[in-house]
Amino acid sequence: MSYEIAIARLQLIIAVLADRLEQANGRIKMLQSTIAIQEEQLQTQNRAARQFAGDCAELAAKVTELELRNAELAKARDAWKLEAESRRAA
């Protein structure tokens with residue numbers, strides 16, 4: 001009889017452990033799914049960040065180009081003013 005009780009206790013322990021294992025597997029699958037979603041979101045954010053960095057680089061190049069053009073126009077304006085002043089003085 002004591003063997004039967006021991007076997008019944010072991011079966012109960014095994015059933016409890018099996019249930020806990022199943023619950024743990026469920027949590028692991030949920031975490032894996034969450035991780036997969038987060039990895040996908042991170043990849044999307046990385047692509048957006050790379051695109052943004054490229055756009056910023058293009059804009060910086062355009063700003064530099066405009067600054068150079070502005071400097072050229074300022075030189076031309078100053079030369080025109082000097083020429084106009086020298087004509088008036090003459």
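The values are calculated or read from the model by the stated rules, or taken from the named source; none is laboratory data. Since we're looking at a predicted model, the values are computed, not measured. So basically every Cβ, Gly included, is an ideal-geometry build from the backbone, and we count neighbours across all protein chains shown. For the accessible areas, the whole protein counts, side chains as well, though only heavy atoms, and no ligand, DNA or RNA atoms are used. Shrake-Rupley method; radii C 1.70, N 1.55, O 1.52, S 1.80 Å.
For this structure, a couple of remarks:
- Per residue, the solvent-accessible area of the chain (1.4 Å probe, heavy atoms of protein chains only, all protein chains present) comes to 95 Å².
- Accessible-area composition of the chain, carbon plus sulfur, in percent [1.4 Å probe]: 61
- Simple Cβ-charge dipole of the chain, Lys/Arg +1 and Asp/Glu -1, about Cα centre, in debye nearest 20: 260
- Nearest 10 degrees, 0 to 90: helix 2-89 Cα axis against the chain principal axis: 0
- Three principal axis lengths of the chain [C-alpha, angstrom, descending]: 131, 14, 9
- In the chain, helical runs assigned H by DSSP with n ≥ 4 each contribute -39500 (n - 2.57); averaged across all residues and rounded to the nearest 500, the mean residue ellipticity at 222 nm is -37500 deg cm²/dmol.
- Between the range 1-20 and the range 25-60, the Cα center-to-center distance that results, in Å: 47
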